[in-house]
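Working notes, beginning with the structure itself.
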Amino acid sequence: VERFTSILRRSYGDRKIHVTTGTHAAYVALRDNGGIEPSCVIVDIGEEVTDIAFVKEGLFVSQHSFPLGTYELYRSLSTVTGSSLEARALVEAYRLDKLSPGNVRIVEKAITAFALQWQKMLHGAVEEGSNGFHVPAQWYVVADQRFESRFTGVISSDAFLQHASTAPLAPIFLNALKFSAQIQASTAETPDPSLAIGALFIERVL
């Protein structure tokens, strides 16, 4: 944190700097704009890190992180293709169902390996953060929209998480449409979920 704040101070002077996380910003945006279950889990899947937060009886109780995000999938594909740009193109073409059968197998193998690794780390974060309590059934997920079905599927079908919960897991993917009434996009494109949540959080703080 100090590394980032020192860079900001060199550019903007000695101003008061606050630091937060994606999961806390999502919690505030949900609480103030879209409504949130009193007890829930918030997962923010970034490019390099995944954050998981536990909200119990309306309180933001704890947060845990593990060093695995969506870029790991691109890296695993890059070892096959030899190019990070080609790996990104493969994932996008796979999402649009425009790949040859051979390339489909390559992408699905990489996605499966990534999902298993991510799932294992998620188990550790849940064990550490749930503090012996039952895991709430309601999950809110923030991630690249290209991986929405993959992550929600991993969470909802996970036997370990289901055993730790009191009811069937109900993951909701937080895309920008969730906050469409609060956010006016400057372009016709759908805003990035993380940026949309960040904008709502900043508006609330200011």
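Quick look at the numbers
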item: Surface/4 estimate of mean projected area, convex hull on alpha-carbon atoms of region 19-85, nm²; result: 5.7
item: Relative intensity, log₁₀ I(q)/I(0), of the chain from a Debye sum that treats every alpha carbon as a point, q = 0.07, 0.14, 0.16 Å⁻¹; result: -0.24, -0.93, -1.15
item: Accessible area of region 1-134 belonging to carbon and sulfur atoms, whole % at 1.4 Å probe; result: 54
item: Coil-residue GluC sites (Glu not before Pro) of region 1-97, DSSP, other Cβ within 10 Å capped at 14; result: 47, 48, 57
item: Separation of the residue 31 and residue 160 label points, Cα + 7 Å toward Cβ, nm; result: 2.9
item: Values of log10 I(q)/I(0), in the order q = 0.15, 0.23, 0.24 Å⁻¹, for region 35-129 under a Debye, Cα-only, solvent-free model; result: -0.67, -1.07, -1.12
item: Distance from region 39-92 to region 106-126 (C-alpha centre basis), Å; result: 10
item: Listed residues 6, 38, 28: farthest to the positive end of the dipole of region 1-73 (Cβ charges); result: 6
item: Per residue, in Å², the accessible surface of the chain once ligands and nucleic acids are set aside, probe 1.4 Å; result: 57
item: Lysine-lysine proximity count for the chain, Cα under 29 Å, sequence distance 8 or more or distinct chains; result: 6
item: Kirkwood Rh, Cα atoms: Rg over Rh of region 94-163; result: 1.05
item: Calculated [θ] (222 nm, deg cm²/dmol) that DSSP helices of n ≥ 4 give over the chain, each run adding -39,500 (n - 2.57); result: -15000 deg cm²/dmol
item: Computed FRET value (nearest 0.05) for residue 60 with residue 128, which takes r as the C-beta separation and R₀ as 22 Å; result: 0.85
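The values are calculated or read from the model by the stated rules, or taken from the named source; none is laboratory data. Not measured: the values here are computed from a predicted model. Neighbour counts are summed over all protein chains in view; Cβ atoms, including those assigned to glycine, are modelled from backbone coordinates with ideal geometry. Ligands, DNA and RNA are stripped out before the accessible areas are found, and what is left, the full protein with its side chains, is counted by its heavy atoms. Shrake-Rupley method; radii C 1.70, N 1.55, O 1.52, S 1.80 Å.
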